[in-house]
Amino acid sequence: MEKIPTIKEIAKRLKVSASTVSRALHGHPSIGLVTTMRVNKIANELNYERNQTAVFFKQRKSFTIGVIFPDFSDAFFSLALSGIEDYASKRNYNVFIGQSSENPDKEKRILQTMRNHRLDGIIISISKNTTDYEVFDQLKKYNIPIVFVDRIPDMENIHYAACNLQSGMLQAIDCLIEKEHRDIGLINGPGQLAASKERLDAYKKGLSGHHIKIKRELIVSSDLSREQNQLAMEELLSLKQRPTAVITFNDYVARDAMALIKKHNLVVNRDISFISFANSPIWSFLDNSPLASIEQFPKEQGIKAAEILFKLIDERVKEAPPVLVFQQVVFDSSMIIHTVNNIA
């Protein structure tokens, strides 16, 4: 087996100290130009590579952050990851990713693995079923900063980047009212998600603002699986006075609901109109799209979460005083009208 070259071997060839070689390889100003050139020449000849573990130990960094998302095949999360990776790359950082698959136990195991590897920080969007937040508090004991993105736990004193869903929901209600819809349904997500509660509150506010009575039967929920999405739509269709328009938790719920009404020989955006959240690229691949979709700016959320995280990492390395002001950035959602393949 070929022996890995070391600083000591370079020092021996040049008859200088190992500390001189180390400083020369790092471009230290105390080492003369000639010595630095000689050291680098021998290092190149020997194919010397720096011991990154030693570098990490000295700088108190692993130069790696972790990202945990529920589903990387979801366009929203892949766009958010893209934003994080772009920002991390500019800081010469690697990104270690983990997919929770909406499983709280798996999410916890990934967090523990990242903790054990002493990653410099973690960005996470919690699973739809996460209700135990103790594991997040444990990270504080290890001085590993954590920033939440999009799906935020119901906790105080946390850092996050998220989206104000109310602004988009109110625009959606206004749009549908303008088109003379009065029976507007809502297919919401799991009740334990803060994002579901935010959508519901905004939905009620939007209808009340137009003096429209809120009908409980028009509000249904799904666990976001295809089966449950279609069951939720089926429930709305079974009503004596079914909705003429439906707002869905996200684009994937809308896709499944729209597929179901076609099976009932109903026409999307004529018999029942749809507005969804997320503004996913999936609509460019399908024959029909909702009337509109609410943009939540996933890439921008990812970039902002990374900005917050790296600020926390830098403060930790400098051994700065504990952060008392928690970074919480919120983007306003905005409705995007779809003009292709729409009837209404």
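Choose one of Ser293, Val330, Leu237: the residue whose Cα lies farthest towards the positive end of the charge dipole of region 188-336 (beta-carbon charges +1 Lys, Arg; -1 Asp, Glu; about the Cα centre). Farthest towards the positive end: Leu237.
Extending 7 Å from the Cα toward the beta-carbon at both Lys15 and Ile214 defines two label points whose distance is 8.7 nm. Note on Lys179: lysines with a C-alpha under 29 Å away, same-chain residues under 8 apart excluded, are Lys197, Lys204, Lys205, Lys213, Lys215, Lys240, Lys262, Lys263. Were the residues from Ser225 through Gln328 laid out at 0.36 nm apart, the gain over their Cα-Cα distance would be 34.1 nm.
Under a cut-off of 30 Å between alpha-carbon atoms, report the lysines in cross-link reach of Lys15, not counting same-chain residues fewer than 8 places apart. Cα-Cα hits under 30 Å: Lys3, Lys41, Lys58.
Given the DSSP H assignment, sum -39500 (n - 2.57) over each helix run of at least 4 residues in the chain and divide by its residue total; what's the result at 222 nm in deg cm²/dmol, nearest 500?
Working: 12 runs with 149 residues, N = 344.
Rounded to the nearest 500, it is -13500 deg cm²/dmol.
For region 167-267, the list of trypsin sites (Lys or Arg not before Pro) that fall in a loop by DSSP and count at most 16 other C-beta atoms within 10 angstrom reads Lys179, Arg182, Lys213, Lys215, Lys240. Counting neighbouring Cβ atoms within 10 Å and putting the fewest first, the residues Ser82, Ser280 line up as Ser82, Ser280. Counted by neighbouring Cβ atoms within 10 Å, the residues Glu134, Glu198 run from fewest to most as Glu134, Glu198.
Can you give the FRET efficiency to the nearest 0.05 for Lys141 and Leu239, using r as the Cβ-Cβ distance and R₀ = 56 Å? Present the calculation step by step, with values, prior to reporting the outcome.
Working: r = 51 Å, r/R0 = 0.92.
That pair, Lys141 with Leu239, gives E of 0.65.
Quick note: the coordinates plus some simple rules give every number you see, no bench work behind them. The shown structure was predicted, so the numbers you read here are calculated from the model rather than taken from an experiment. Cβ atoms come from the backbone with ideal geometry, glycine included; neighbour counts cover every protein chain shown.
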